[in-house]
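J.: The structure is given below, and queries will be raised subsequently.
The values are calculated or read from the model by the stated rules, or taken from the named source; none is laboratory data. Bear in mind the structure is a predicted one, so any value in this text is a computation, not a measurement. Every residue, glycine as well, gets a Cβ built from its backbone with ideal geometry; the counts of neighbours run over all protein chains shown. Note: accessible area is taken over every heavy atom of the protein model, side chains too, but ligands, DNA and RNA are not part of it. Shrake-Rupley method; radii C 1.70, N 1.55, O 1.52, S 1.80 Å.
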Amino acid sequence: MPTTLINAFVLKNIKFIELLAVVMRIGSFSIVSWLGPHSPFLFVWIVNTVDAIFLSWCAILKKDMAYTLLNVFWVIIGAIGIARASGLLG
């Protein structure tokens, strides 16, 4: 039941959620571009992973296999990036 309500909310607001996620991704990559090695990498990885979760959810609801695969891949890469940036992985 709760998932159904969340999915209904996402579907009702899907354009906004996708736009927000894309703006988040642009922002996080812009930070890395501007600050280079001085970037707050843990923050960037967290933002990148959250936007990938949003985009994955939207793609799954839209039954778009290509974007589901792409964004689920970024969720996995993001989890690794968060672990590395936080010092959990060498």
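J.: Name every residue in region 31-85 that is under 21 Å from Val10 (Cα atoms), more than 11 Å from the chain's Cα centre (by Cα) and of a type in the set (Gly, Ala, Ser), in order of residue number.
T.: Matches in region 31-85: Ala59, Ala66.
J.: Restricting the search to region 2-41, which residues are within 16 Å of Ile53 (Cβ to Cβ) and among the β-branched types (Val, Ile, Thr)?
T.: Thr3, Ile6, Val10, Ile14, Ile17, Val22, Val23
J.: Check Val50, Val44 and return the single one that is β-branched (Val, Ile, Thr) and open to solvent by 40 Å² or more (accessible area, probe 1.4 Å).
T.: After applying the criteria, what remains is Val50.
Residue-by-condition table, conditions (1) touching a helix residue (DSSP H, G or I) at 6+ places or on another chain (Cβ under 7 Å); (2) among the hydroxyl-bearing types (Ser, Thr, Tyr); (3) open to solvent by 70 Å² or more (accessible area, probe 1.4 Å):
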position	(1), (2), (3)
Lys12	no, no, yes
Ile17	yes, no, no
Gly36	no, no, no
Ser39	yes, yes, no
Cys58	yes, no, no
Phe73	no, no, yes
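J.: Are any residues in region 6-37 farther than 23 Å from Phe73 by Cβ and modelled with pLDDT under 95, and if so, which ones?
T.: Gly36, Pro37
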